[in-house]
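*Asks:* The structure that follows is given in the form of structure tokens.
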């Protein structure tokens, strides 16, 4: 017979039907990111904004090449992008490292099923200049990292 257990935070628990076990998600890092000093750090993505050296930059919808940080530079760290759709047909988001563009979210008709913000984990450093973000219509974001 199983012991009775009080569950205080069920949202932080995961039941694995294959092993018939509960695991505590709050104690298990899901992503490895770079810390401010460049060392790999296992983190729970729900706590992405609590990394040492982390700061954030808000980027409104329909912005073109908005620099992340006051000036930005090679070596700047971007831990992730919190995407905030305003409709179920938000525009694209492009991350630029100096001159190199990286499409991180394609957007478009029915690209999201609801308006819940979601995280794109990255954990990368700029190699050729300041990070910048371009956002399409109906999508804003928050870039999280260590920017100059």
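*Asks:* Evaluate region 59-147: find the radius of gyration of its Cα atoms, find its Kirkwood radius, and give the ratio Rg to Rh. Walk me through the intermediate numbers first.
*Replies:* Numbers: Rg = 12.4 Å, Rh = 12.8 Å.
Across region 59-147, the Cα-based Rg/Rh ratio is 0.97.
*Asks:* Taking N as the number of residues in region 64-104, what is its Cα Rg relative to 2.2 N^0.38 Å?
*Replies:* Working: Rg = 11.8 Å, N = 41, 2.2 N^0.38 = 9.0 Å.
Its radius of gyration relative to the 2.2 N^0.38 Å reference: 1.31.
*Asks:* How much length would be gained if the chain were fully extended between residue 100 and residue 118, taking 0.36 nm per residue of separation minus their Cα-Cα distance, in nm to one decimal? Show your work: numbers first, answer last.
*Replies:* Values: separation 18, 0.36 × 18 = 6.48 nm, distance 2.40 nm.
Stretched fully, the residue 100-residue 118 segment lengthens by 4.1 nm.
*Asks:* Find how much the distance from residue 86 to residue 127 grows on full extension, using 0.36 nm per residue of separation minus their present alpha carbon separation; answer in nm with one decimal. Can you show the working numbers first?
*Replies:* Numbers: separation 41, 0.36 × 41 = 14.76 nm, distance 3.17 nm.
Gain in length upon complete extension: 11.6 nm.
*Asks:* How much length is gained if the chain between residue 62 and residue 137 is pulled fully straight, taking 0.36 nm per residue apart and subtracting their Cα-Cα distance, in nm to one decimal?
*Replies:* Working: separation 75, 0.36 × 75 = 27.00 nm, distance 0.49 nm.
This chain segment gains 26.5 nm when fully extended.
No value in this document is a laboratory result; all are computed from the given coordinates. All figures in this text were calculated on a predicted structure; none of them were measured in a lab.
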